[in-house]
Amino acid sequence: MDGFRYLNNVVTLALDQPTCTGCGRCVEVCPHQVFIIARGKAVLADRDACMECGACALNCPVKAITVDAGVGCAIGIISEWLRERKLSKGRYC
Ligand code: SF4
Ligand code: SF4
């Protein structure tokens with residue numbers, strides 16, 4: 001999903017790294033490659049790519065991840081739709 005990002009520094013996603021066991025489940029379920037595993041722990045490699053779908057928090061076995069799921073995803077989709085609409089209007093005006 002290139003070019004489809006949420007706004008910078010507003011994502012509610014948080015990782016409690018000391019609690020993380022490094023199982024890699026968040027890496028598997030995240031559709032935006034937000035996490036990587038480094039030195040046996042999850043790391044937020046691209047936090048602003050998070051669309052707040054909630055899959056990582058739901059699947060983390062030790063509840064090391066929190067995120068307010070739902071709102072960000074909807075805002076991201078609407079923002080992208082408006083951006084595309086503006087671009088296409090600019091092309092024909
Ligand atoms: S799912 Fe949870 S415990 Fe597993 S690597 Fe991710 S943050 Fe760590
Ligand atoms: S909430 Fe969704 S998009 Fe954000 S880090 Fe978790 S799985 Fe990835």
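The values are calculated or read from the model by the stated rules, or taken from the named source; none is laboratory data. The model shown is predicted, which means the values in this text are computed figures rather than measured ones. Heads up, the Cβs are rebuilt from the backbone with ideal geometry, glycines too, and the neighbour counts pull from every protein chain shown.
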Those residues that are free of Cβ contacts under 8 Å to residues at least 24 places away in the same chain and not small (Gly, Ala, Ser), I need them from region 29-57; list them, please.
33, 34, 35, 36, 37, 39, 46, 53
Residues in region 8-63 that are more than 9 Å from ligand 2 (Cβ to nearest atom) and assigned to a helix (DSSP H, G or I): how many?
7
Collect the residues in region 28-49 that are over 16 Å from residue 64 (Cα atoms) and of a type in the set (D, E, K, R), keeping them in residue-number order.
39, 46, 48
Check off (1) touching a Gly at 6+ places or on another chain (Cβ under 7 Å); (2) of a type in the set (D, E, K, R); (3) modelled with pLDDT under 95 for residue 47 and give me the number that stays unchecked.
(1)
